[in-house]
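A short write-up of the structure that comes next.
Bear in mind that the values in this text are calculations on the coordinates, not laboratory data. Here the structure is a predicted model, which means the values were calculated and not measured. Cβ: placed from backbone, ideal geometry, glycine included. Neighbour counts: every protein chain shown.
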Amino acid sequence: MGLDGDHFCLELEDGTKPGGNDLGLEKEPKTIAIEDAVKVLLQGLGEDVNREGIKKTPLRVAKALREGTRGYKQKVKDIVQGALFPEVGLRDRVGHAGGAGGLVIVRDLDMFSYCESCLLPFQVKCHVGYVPSGEQVVGLSKLSRVADIFAKRLQDPQRLADEVCSALNLGINPAGVAVILQCCHIHFPNLESVFHDAKHQGWITVLVSSGSGVFENENADAWCDFLGLLKFRGVTADRILTRDSEKKSWCPSYSSSVAKGSSELIAPNPRMVAAIASILGSLGEDSRKELLETPSHFVRWLMNFQNTELEMKFNGFTCGIKDVLKPNGECSHNHQQLHAELSLSFWSQCEHHLLPFHGVVHIGYMCPEGFNPIEKSLLQSIVHFYGFKLQVQERLTRQIAETVSSILGGEAWQ
């Protein structure tokens with residue numbers, strides 16, 4: 001459900017990442033600075049930072065952010081230099097590996113990056129192709145590692161594609177490089193809008209490209225060859241966004257702030273904004289213009305999960321849910337019928353990593369014969385009220401079940 005755990009839950013119980021390499025970040029000053037900033041964010045949400053469920057959250061978040069932005073400390077030349085080989089059959093500076101100038105392609109490289117506008121992670125499927133210049137080729141595994149260097153930074157899709165393309169062009173010195181990215185960004189609703197938009201789309205997807213050399217002209221034959229090898233992956237020329245349209249439609253936080261204008265937006269908590277700004281500095285970022293509004297974007301999004309305001313709303317809501325079961329004819333309390341509502345959407349925030357997750361809830365309950373079942377809209381409202389806070393799946397499930405059971409005066413299964 002939601003974001004892929006293989007991508008985003010990098011921490012194991014013993015503090016190591018998959019593969020057994022010790023992250024060794026706990027004692028570093030930058031990690032401690034991020035921990036302190038995360039504590040400010042939790043306090044701004046009305047949370048007790050010493051509560052058992054979130055006591056380790058600052059460290060988890062700090063380690064995940066530093067691991068997820070490790071690309072700032074890596075260099076392309078360290079990867080590429082030892083992996084350049086002459087083409088097979090090289091004679092008189094003419095290569096014969098698949099024919100001089102043959103296209104080399106690696107498809108379906110799965111990565112993730114962090115959105116520079118809102119700091120939420122987004123998924124990336126990367127396709128890379130290059131035409132050797134007749135002198136040297138690079139090991140195929142290095143294409144993935146080079147792309148990952150730039151993915152592990154704060155990014156937007158077009159810049160990511162451009163940086164990967166430029167780095168490979170400089171490192172390999174080919175006749176041309178082409179990069180296509182399929183990116184998915186979670187579109188998280190706020191508590192108010194989710195009740196008015198039953199068909200809310202959970203993901204925003206974009207397709208971007210970048211090319212150099214023989215791929216610099218988007219109408220070149222080389223692009224036709226490259227796209228022809230990707231057509232069964234949903235990649236076509238007409239779906240690739242232009243550079244102007246990509247920025248306007250990509251990040252929901254960016255689009256929302258542009259649509260409303262600064263005068264309509266609620267000013268975020270200044271301490272929380274300063275905390276995010278300090279995190280950006282600890283990750284290795286400077287004050288480039290693309291990041292000026294990022295702290296405010298993130299804090300506005302995070303405030304969806306403010307604990308105290310949510311409880312107030314729910315307490316007022318529960319006053320109107322009495323007598324929801326109404327008879328529709330002859331009633332019998334001795335006979336029960338099973339009712340179910342399936343695929344009720346939920347949106348929530350993991351209290352262990354401060355990352356969003358979403359999915360569906362299935363609710364089953366017993367209702368006396370002759371009574372109308374609970375309306376789907378009421379059950380969906382209960383799900384949303386408990387979803388919009390820092391949560392774990394087990395507690396979310398229990399809270400929904402207990403609330404439905406209290407309405408029925410009986411049993412509910414979820």
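Which residues in the stretch 333-362 place their backbone N less than 13 Å from a point set 7 Å from the Cα of T397 along the Cα-to-Cβ direction? Within reach of a label on T397: 360-362. In this simple spin-label model, placing a label point 7 Å from the Cα along the Cα-to-Cβ direction at both S141 and D221 gives a separation of 3.6 nm.
Among 46-57, 342-353, the peptide with the highest mean count of other Cβ atoms within 10 Å heads the list, and the full ranking is 342-353, 46-57. For the peptides 76-84, 204-212, the ranking by packing is 204-212, 76-84, with the highest mean count of neighbouring Cβ atoms within 10 Å listed first.
Remark on G176: its backbone amide H falls under 5 Å from those of V131, V214, a criterion applied only to residues 5 or more positions apart or on other chains, H modelled at 1.01 Å from N. Its Cα centre serving as origin, the stretch 337-408 has a Cβ charge dipole (Lys and Arg +1, Asp and Glu -1) of approximately 160 debye.
How many percent of Cα pairs in the stretch 337-408 exceed 14 Å?
That tail contains 58 percent of the Cα-Cα pairs.
The label-point distance for A267 and R233, in a model that sets each label 7 Å from Cα toward Cβ, rounds to 4.8 nm. Magnitude of the charge dipole for the stretch 121-194, about its Cα centre and with charges confined to Cβ atoms of Lys, Arg (+1) and Asp, Glu (-1), is about 200 debye. Ordering of 106-117, 227-238 by packing is 106-117, 227-238, highest average first (other Cβ atoms within 10 Å, averaged per residue).
Given a cut-off of under 8 Å on Cα pairs at least six residues apart, what relative contact order in percent is computed for the stretch 337-408?
Value for the stretch 337-408: 35 percent.
Exceeding 25 Å between C-alpha atoms, which entries from my cross-link table qualify? They are K55/K152; K77/K289; K56/K152; K142/K289; K39/K63; K27/K77. Where the Cα-Cα span goes over 25 Å, the pairs concerned are K55/K152; K77/K289; K142/K289; K27/K77.
When only alpha carbons are used to place a centre, the stretch 25-67 and the stretch 344-414 end up 29 Å from one another.
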